[in-house]
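Every number here is computed from the coordinates shown, using simple stated rules; none is lab data. Since the model is a prediction, treat every value here as computed from it, not as a measurement. Because the Cβ atoms are built from the backbone with ideal geometry, glycine has one as well, and the counts that use them run over all protein chains shown.
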Amino acid sequence: MTVVTRRCRSLSAIALLNVAVLVPFAGVAHAQSQSFPAPERRKIQDMLDAVRKKIAEKYYDSTYGGANLQSAYDSASAHIRNAVAPDGALGAIAWFALQLNDSHTYFAPPSQTMSVDYGWNMAMFGDSCFVISVKPESDAARQGVRVGDQLVSVNGLTITRDNLWQLNYLYRLLRPQPRLQVAMRAPGSEVRVFDLAAKVRQRSAIVDLTGSDGGRDINQMLRDGNNDRESTEGQYVEYGDQVIIWKMPTFIVPLEQVRDAINRARKRNALVIDLRGNGGGYVQAMLELVKQVSRDSVVIGTTRERRKKSPLVAKAGGADAYAGKLFVLVDSRSASASEIFARTMQLSGRGKVIGDRTAGAVMVSLLHSLSVGMETRIFFGVQVTDADVIMRDGGRLERVGVEPDELLLPTSTDLAAKRDPVLARALTLAGVPTDAAKAGALFMEKKR
């Protein structure tokens with residue numbers, strides 16, 4: 001079997017926020033009837049050892065932010081020894097990595113043989129959590145869940161801005177569930193509790209990359225990859241002759257794509273860059289975007305590694321830099337590179353930031369692919385922060401986020417009606433007065 005892994009130095013797309021473990025070692029009592037033989041337990045202990053070693057070697061701060069790594073390791077090891085099921089033991093490794101209270105250091109568990117599609121997504125707006133999408137064919141849609149419904153709890157856990165990441169990490173990456181019990185309220189209604197089933201798909205524990213299965217596994221990977229590309233491609237709307245809107249869902253893009261986006265804007269008086277939902281990406285893509293909108297070189301700040309500090313500087317765009325008005329839209333899901341770009345535009349006076357406070361997940365990290373076992377290999381990983389980012393004003397964005405120049409939040413009724421007051425405000429400031437309903441329809445019209 002051929003195994004393909006990828007390591008890239010990036011500002012992680014996963015926005016882990018202020019860490020306060022919801023359920024330490026969640027799942028301990030789950031499935032007590034499962035068989036958990038000693039060799040499997042030993043492999044999970046080996047996984048913990050490998051994760052600890054990589055963090056000890058690569059973490060940017062030799063003091064680990066004051067965390068007692070030895071004590072956390074001892075606790076996790078004890079739990080693995082006493083766990084009644086593999087999922088509880090794996091939860092101990094996740095808990096161990098999260099003790100650093102770091103947005104970009106976390107355990108990436110072995111691939112699940114079961115994939116789940118919950119059919120709906122949620123996000124924070126200010127201090128409230130709302131449904132932002134529902135697939136028409138999902139169980140959630142059949143039961144009447146709608147965009148704009150306010151989330152209260154998931155599986156009995158109250159949702160806050162500080163712990164939403166934990167729910168996503170637990171139920172999407174660490175331990176996907178075939179169904180979730182969700183308490184929510186529609187606009188103007190009382191709280192209701194839903195038992196929402198996910199769409200479950202069983203996957204092979206071994207992926208054949210040789211083509212001996214007729215290409216089935218390879219074709220599925222290609223389909224999944226195409227779906228990923230569709231969801232991360234930028235979109236553009238030309239609003240009259242004055243403004244262009246660039247919805248940029250990720251910084252995991254080639255530099256040429258950044259240059260192309262700015263080239264589209266050159267003859268426009270204003271550019272709106274929509275970074276809402278953009279969880280970050282490549283450092284170089286962020287630096288390229290700063291360069292493309294800045295005539296002079298821009299000192300963004302400093303990256304602090306374990307043994308050195310390095311200036312983080314975007315080169316001058318010169319006469320080719322975009323010189324029009326610039327507006328940057330952000331929300332609670334804007335993280336890492338998105339936050340650094342937005343804050344740089346504020347500090348340099350180059351652009352106006354509108355929307356919600358950002359995620360506060362700003363570190364530079366590297367994903368390390370690991371494995372244990374001899375006859376049967378188990379592949380997993382750990383993402384480790386190898387540099388902190390200090391902005392040019394001496395401030396840090398980690399666990400703080402970027403406060404927009406104009407704080408503007410859509411309401412539950414805005415979401416339900418697909419109105420976009422944030423984009424409407426940016427367009428109005430750009431010289432083309434627009435209402436929230438028309439702004440919300442722009443990208444829907446683009447898709448048709």
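Legend: distances between Cα atoms for K58/K325; K54/K309; K309/K352; K315/K352; K58/K352; pairs beyond 31 Å are K58/K325; K58/K352. Report Rg/Rh for segment 332-383, rounded to two decimals, where Rg is the Cα radius of gyration and Rh the Kirkwood radius. With Rh from the inverse mean 1/r over Cα pairs, Rg/Rh is 1.32.
Scattering from segment 249-387 was approximated by placing one identical point on each alpha carbon and applying the Debye formula without solvent; log10 I(q)/I(0) at 0.10, 0.11, 0.12, 0.19 1/Å stands at -0.38, -0.45, -0.52, -1.12.
If the chain linking E137 and N68 were pulled fully straight, counting 0.36 nm for each residue of separation and taking away their Cα-Cα distance, it would gain 20.1 nm. In percent, rounded to a whole number, the relative contact order of segment 114-202 is 34, using alpha-carbon pairs under 8 Å and six or more apart.
Translational diffusion coefficient of segment 364-407 (Stokes-Einstein, Kirkwood radius from Cα pairs, 20 °C, 1.002 mPa s): 154 µm²/s. With both labels modelled 7 Å from their Cα along Cα-to-Cβ, the K267 to D393 distance reads 3.8 nm. Three semi-axes describe the equivalent ellipsoid of segment 114-202; taken as square roots of 5 times the Cα gyration tensor eigenvalues and ordered largest first, they are 19, 16, 11 Å. Scalar couplings 3J(HN,Hα) for segment 139-147, obtained by applying the Karplus form with A = 6.51, B = -1.76, C = 1.60 to θ = phi - 60°, are 5, 4, 5, 5, 8, x, 6, 9, 4 Hz; x denotes Gly and Pro. Treating only the Cα positions of segment 323-448 as identical point scatterers, give the base-10 log of I(q)/I(0) from the Debye formula at each q in 0.11, 0.13, 0.22 Å⁻¹. Each listed q maps to, in turn, -0.53, -0.67, -1.21.
The stretch between L407 and V200 holds 70.6 nm of extra length on full extension. This uses 0.36 nm per residue minus the Cα-Cα distance. Computed over segment 45-196, the Cα gyration tensor eigenvalues convert (square root of 5λ each) into semi-axes of 34, 18, 13 Å, ordered from largest to smallest.
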